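The values are calculated or read from the model by the stated rules, or taken from the named source; none is laboratory data. Here the structure is a predicted model, which is why all the values come from computation and not from measurement. In this analysis, Cβ positions are derived from the backbone assuming ideal geometry, glycine residues included, and neighbour counts consider all displayed protein chains. Please note that ligands, DNA and RNA were not included when accessible areas were found on the heavy atoms of the full protein model with its side chains. Shrake-Rupley method; radii C 1.70, N 1.55, O 1.52, S 1.80 Å.
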Amino acid sequence: MSDVKITVGNNGSLKVEGNVTLVDGQGNALPTRDGKPFYLCRCGESKNKPFCDGTHNRIDFNGALAASGRD
């Protein structure tokens with residue numbers, strides 16, 4: 001059982017909960033609030049990437065998930 005939970009928001013961000021370290025492309029740790037959930041941008045328009053800043057609420061972002069056919 002994983003101690004990390006990622007929730008895909010309807011037309012919104014990715015909520016990340018649990019014991020996780022977020023790193024950039026060079027492997028440098030990005031600051032998060034230890035033990036607190038954080039939200040990652042899914043719309044691509046955040047001014048605070050990779051974190052969500054709520055921009056998806058101001059644009060016409062459609063993040064609907066399609067059925068993958070996986071079991």
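Number of residues in segment 31-45 that are open to solvent by less than 50 Å² (accessible area, probe 1.4 Å) and more than 23 Å from ASN57 (Cβ to Cβ) equals 0.
Among the residues of segment 35-61, the ones that are farther than 21 Å from GLU17 by Cα and in a strand (DSSP E or B) come to 0 in all. The residue list GLY27, GLY9 contains one member that is out of contact with any strand residue (DSSP E or B) (no Cβ under 6 Å at 6 or more places or on another chain) and either within 17 Å of ALA64 (Cβ to Cβ) or surrounded by 11 or more Cβ atoms within 10 Å (Cβ to Cβ) (or both), which is GLY9.
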